[in-house]
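Below: the structure, in structure tokens.
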Amino acid sequence: MFGRRHKGALAAEERTFAGGAMLRAVGGSFFECSFFECNGAAVVVGMFGLSPPRLLWYGLLAGTSGILALALLPPFLPPEVGGMLSRAFAPACHQMPARSPHIGGVPIAICDRCTGIYAGLVLGVLGTGWGRSLWHRFGPWRRYVLLGALVPLGLDWAAPLVGLWPSVPLSRALTGLLFGGVAASYMTHRLRRRAVRAMRSGDAAASLG
């Protein structure tokens with residue numbers, strides 16, 4: 001009685017049957033369910049338009065934003081709690097005080113470059129969630145664009161070592177921002193494409209069932 005059946009339109013639509021069962025169009029397929037189950041699906045999909053790719057995008061945005069927010073928190077917390085939070089980021093960052101942003105004289109949990117990278121992750125996800133992605137235009141050159149975003153970061157890291165120019169907080173943050181934004185945008189694009197393909201495959205299987 002509650003098996004998934006029938007391909008249908010993406011718009012919220014329902015068909016009531018004897019015994020209170022109905023078919024509700026969710027994500028391009030009709031799902032046979034009880035009245036309450038269908039209404040729950042309608043609230044999520046019909047009211048908010050949360051298709052699987054959109055849910056994935058919201059999850060990525062929440063995750064990257066949450067990590068950045070946690071990294072910025074130590075100056076606003078009691079020293080003991082802030083220290084514990086900073087130590088949680090230690091495996092991913094050197095956390096040198098001289099190379100880290102300070103708020104009120106207290107360093108945050110990550111360095112200048114990591115701050116740029118983490119902020120870039122948020123902006124990269126944010127900029128890839130709407131409309132047709134620019135990555136479609138790059139075609140087979142997508143990976144080279146991703147690797148190219150590493151070049152400024154690598155140069156800014158290596159230049160002080162060979163005496164070309166000093167690395168300053170702004171250059172570290174901006175090169176990190178560029179790489180983080182491009183990397184996050186690339187991964188968001190790929191993951192959303194997989195989610196769309198999976199959704200379409202499920203619709204095709206449902207139409208044959």
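A short reminder: the numbers here are calculations on the coordinates, not readings from a lab. Keep in mind that this is a model prediction, so the values were computed, not measured. Glycine gets a Cβ as well: all are built from the backbone with ideal geometry, and neighbour counts include every protein chain shown.
Quick notes
- Rg over Rh for the stretch 97-147 works out to 1.19, both radii taken from alpha-carbon positions and Rh defined as the Kirkwood radius.
- Sequence ranges 118-125, 167-174, 153-160, ranked by mean other-Cβ count within 10 angstrom, highest first: 118-125, 167-174, 153-160
- With a Förster radius of 45 Å applied to the beta-carbon distance between F138 and H102, the computed FRET efficiency rounds to 0.75.
- M84 versus V162: modelled label distance in nm, points set 7 Å from Cα along the beta carbon direction: 4.6
- Difference of contour (0.36 nm per residue) and Cα-Cα distance, A92 to F76: 3.6 nm
- 3J(HN,Hα) along the stretch 142-147: 4, 5, 5, 5, 4, 5 Hz, from the Karplus curve 6.51 cos²θ - 1.76 cosθ + 1.60 with θ = phi - 60°, whole Hz, x for Gly and Pro.
- Among A71, P140, Y118 - extreme Cα towards positive end, dipole of the stretch 52-197, charges at beta-carbon: P140
- Annotation: peptides 62-75, 90-103, ranked by per-residue average of other Cβ atoms within 10 Å with the highest first, follow the order 62-75, 90-103.
- Cα pair distances exceeding 27 angstrom across the stretch 52-197, given as percent: 30
- Positive minus negative residues near G120 (Lys, Arg vs Asp, Glu; Cβ under 13 Å): +1
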